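For reference, the structure discussed in these notes is given below.
Every number in this text was worked out from the coordinates using simple rules, so none of it is lab data. No experiment lies behind these values; they were computed from the predicted model shown. Here the Cβ is made from the backbone with ideal geometry for all residues, glycine too, and neighbour counts use every protein chain on show.
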Amino acid sequence: MTQFNRTASLVVGRRGETAKVLSGLRISFNVTKTEGKDPNTAKIQVFNLSQESRNIIRKRQENDTLFVILNAGYTDGDGEELVFTGNVTTISHQIIRPEVITSIEASDGANALFNTKLSLSHGAGVSADTILLQILNAIPISSNFQTLQYEDKSYANGFAFVGLAKDALTKVTKFMNLNWSIQNNEIRLIPFDGDDRTKVVRLSQQTGLVGSPERLTGSTRKAQGLSKKDRPGWKFTSLLQPKINPTGKIVVQSREIPVDSTFTVFSVTHTGDTHGEQWETVTEVRE
């Protein structure tokens, strides 16, 4: 894979309106994604937006819902790829002459998670996947339910719930021995300590692996509450790899690791600056 000539762009807008595409500017970002149930987050800075552009993407009121899509990559490689999408939580404009810096903070799926409530009541013998599908249909974002492989179970004494849909989702997936997170505005369901069955990303020195892998202890992962099983893992640093996402798989080739070892990602941080030195991905994986 060719990894030259960095490029990044933003799309900012409101549902049902024409979005504003921001490109050809200095853009810096720090995106943190995990397989946990807290929303993934992004901190983005755009330099020297015009007054017209700043007015377009300014929040109109406190509960205004803006979305942001961050794309980045290499013009001599696969071009720009999706790094993050989510809802804008804060946006501000600061003048530090001679520059104007627009700062955006966003979270992935936060609106859907914290604003969706539901009431469920089912009699004895109801199947868990019936309830799971009802919950997913209530949350206004897509999911990978149709491609999920799982063993269905039933509630012998029935099921009742009133509250936030995300809490119902946690309750039912735990019963079904599944885990969930939101990745790029999609609910990603996987078996505990499994993967999302997306395309495997291969990581080596030829594809951007930097330095030596760092061993993670099982106790570190357990303390973070990231897995049902307490198993050790690895931490890798590479040039920016937008394709790497939590719950996905990577194959790593390194002197410290057996040939073609396969891992499941539980945490990834993408950091970049189109006009600076940083342009990297830090990935934490389990065996």
| task | Let me see the pair-distance distribution of the chain: every alpha carbon pair, 10 Å bin width, integer percents in order. | result | 6, 26, 30, 24, 12, 2, 0
| query | Which is the longest part of the chain that has none of the trypsin sites (Lys or Arg not before Pro) sitting in a DSSP loop with at most 11 other Cβ atoms within 10 Å? | reply | 61-198
| said: Connecting C-alpha atoms closer than 10 Å in a GNM of the chain, tell me which of Ala112, Ala168, Ala156 has the biggest fluctuation. | reply: Ala156
| Which whole number of Å³ per residue matches the convex hull of the alpha-carbon atoms in segment 97-223? | 203
| field | Rel. contact order, % - alpha carbon contacts under 8 angstrom, at least six apart, the chain | value | 18
| said: Which residue fluctuates most in the GNM of the chain (Cα springs below 10 Å): Leu136, Leu70, Leu120? | reply: Leu120
| message | From zero outward in steps of 10 Å, how is the percent of C-alpha pairs of segment 1-85 spread across the bins? | response | 15, 43, 32, 8, 1
| task | For segment 112-182, report the translational diffusion coefficient in µm²/s to the nearest whole number, using Stokes-Einstein at 10 °C, 1.306 mPa s, and a Kirkwood Rh over Cα pairs. | result | 129
| field | Test item: Cα-centred dipole of the chain, Lys/Arg +1 and Asp/Glu -1 on Cβ, debye | value | 440
